[in-house]
Amino acid sequence: EELPGDTCDSHASELDGAREGKALPGIIKASGPLPDGASLNSSTLSDGSQDEEWSFTVPRSGSMSILEAIPDVPVHSNGAADPGRSARNAASDDEYLEKNIPVEAEELSFEVSYSEKLTQAPKRNRFKKLDFKKEDYVLPKFVVQKTRFGLTKAEDLSAEDMKKIRHLSLIELTAFFDAFRIQLKRNKTEKVKGRDSGIFGVPLTVLLENDRRKDSGVKVPLVLQKFFEKVEESGLESEGIFRLSGCTAKVKQYREELDAKFNADKFKWEKMCHREAAVMLKAFFRELPTSLFPVEYIPAFITLMERGPHIRVQFQALHLMVMALPDANRDTAQALMTFFNKVIANESKNRMSIWNISTVMAPNLFFSRSKHSDCEELLLANTAAHIIRLMLKYQEMLWTVPSFLISQVRRMNEATMLLKKPLPSVKKLLRRKTIERGVTSPKTSKVLQKSPSTRRMSDVPEGVIRVHAPLLSKVSMAIQLNGQTKVKDILAKFQCEN
């Protein structure tokens, strides 16, 4: 039922933070109630308020932090700092890109292993600190180098092949970080048992299992697809769509109804507003038993980015991490990034840039229930936001399986086929050799009988054996056997020959 006085329009001005457009989002310590979707344990993400100017520096001995000296300047739509223009009186994004960013794109090769490329590169280049210029804040453009066999998407492979790809990707990711002398160890995270029924707090695999009873081809939870549809219907141009708190009473009511009625197809979606759908979409990911992306790999990414490698190297590490994701997580992430790019395409109206989306959604997609210090929380949040930013920028390439992994899987499949190929057993092989040599059994002193098939194989006449006598001058002789042949008869023949 509609609650009196609670309409979507009445909450249009309720933002989790001030409207963006002035400064790079920072991370601040929470001093009051946290807005929905913006909490990360003891810290929260700032949305760049026009009334408060935040900047921060995280000290770290021996290396420059990725959070060091972030300027308080206007933000470009793709996350780039642009001190030369104001947020309101600026040229269009297209004009800015044309004037400041080189048009040539960098070519990426998927043919050679990423870790192999690093080991071949000189160490001075591998650990070289980059001097960022103004245009270097903008993420570069990449194009994938064409190959003989074309490009393969993850959805093109069978489940069995993707299982092999996941294992190989994890091995490659470990070798990749080893090239930087970074130890990739999975920190233990607190395991939370998910619910067996309902919608919120239920593992993705369980949701998909339930959904596939309705549609066997489902790869993304149906409730998540419904959230996308509700926002796309009327919310893509809504200002601050993912920073709105929505109506708390309605959100609570819809959550309870979804848990009770969705699987029975009794929930009435027409009464839900796009703002409530956006709020519940964030809650859906935040309440998963484990985060959509593996937060235990974040420390390695933090170390990697602190050393300031090229964005290409960061993309390669992220590419391997995506390939190592379980099928349910990878398919859901792909649908989510596609949806977010639709939101970003309407940035001029909804004020949701690629960096703003990354900042708001990072705590919901990378989260840990383990305790961390304030410094660790800051690093975790900022690194997670940067990873989401890379995923949004390069999502078309992230779901392409690298050719060097495809080649390894092909070799594994060929080896498996060879093992399955029927081969003569050892017993048959030994029997054939015995028949060909005409050797008698030393234990039984009985002449081995030959079947028709083996006689054909060795071309030995039926009833004929070959006897070897190495101590005599006639060392070998073919003997025709009959029912009355005795050993003394065979010896007599050898004596006659001698």
Original post:
If you keep only loop residues by DSSP, which trypsin sites (Lys or Arg not before Pro) in segment 330-388 have at most 13 other Cβ atoms within 10 Å of their Cβ?
Top reply: 369, 371
**OP:** Roll a 1.4 Å probe over the protein chains and send me the accessible area per residue for segment 275-339 in Å².
**Re:** 19
Original post:
Which entries in the list 226/261; 226/271; 282/342; 141/163 go over 19 Å, if you measure between the two C-alpha atoms of each?
Top reply: 141/163
**OP:** Enumerate the calculated ³J(HN,Hα) couplings along segment 396-409 in order (Karplus 6.51 cos²θ - 1.76 cosθ + 1.60, θ = phi - 60°), each rounded to whole Hz, writing x wherever the residue is Gly or Pro.
**Re:** 5, 8, 5, 8, 8, 6, x, 5, 5, 6, 4, 4, 5, 5
Subject >> Restricting segment 211-286 to chymotrypsin sites (Phe, Trp or Tyr not before Pro) in coil, as DSSP defines it, with at most 10 other Cβ within 10 Å >> reply: none
Subject >> Tensor-based shape of segment 217-285 (alpha-carbon gyration tensor, a/c under 1.5 rounded, otherwise prolate or oblate) >> reply: oblate
Original post:
Under a 5 Å amide H to amide H cut-off, with H placed in plane at 1.01 Å, what residues pair with residue 144 once short-range neighbours are removed?
Top reply: 108
**OP:** Quote to one decimal, in nm, the extra length available between residue 415 and residue 348 on full extension: 0.36 nm per residue of separation minus the C-alpha distance between them.
**Re:** 18.7 nm
Subject >> Local net charge near residue 330, Cβ-Cβ under 10 Å (Lys/Arg +1, Asp/Glu -1) >> reply: -1
**OP:** Kindly provide the trypsin sites (Lys or Arg not before Pro) of segment 465-498 that DSSP labels as loop, not H, G, I, E or B, and whose Cβ sees at most 14 other Cβ atoms within 10 Å.
**Re:** 474, 486
Original post:
So, in Å, what gap is there between the alpha-carbon centers of segment 236-280 and segment 204-226?
Top reply: 19
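The values are calculated or read from the model by the stated rules, or taken from the named source; none is laboratory data. If you're wondering where the values come from, they're calculated on a predicted model, not measured in any experiment. Ideal geometry is used to build each Cβ from the backbone, glycine not excepted, and the neighbour counts take in all protein chains shown. These accessible areas exclude ligands, DNA and RNA; they are computed on the full protein's heavy atoms, side chains included. Shrake-Rupley method; radii C 1.70, N 1.55, O 1.52, S 1.80 Å.
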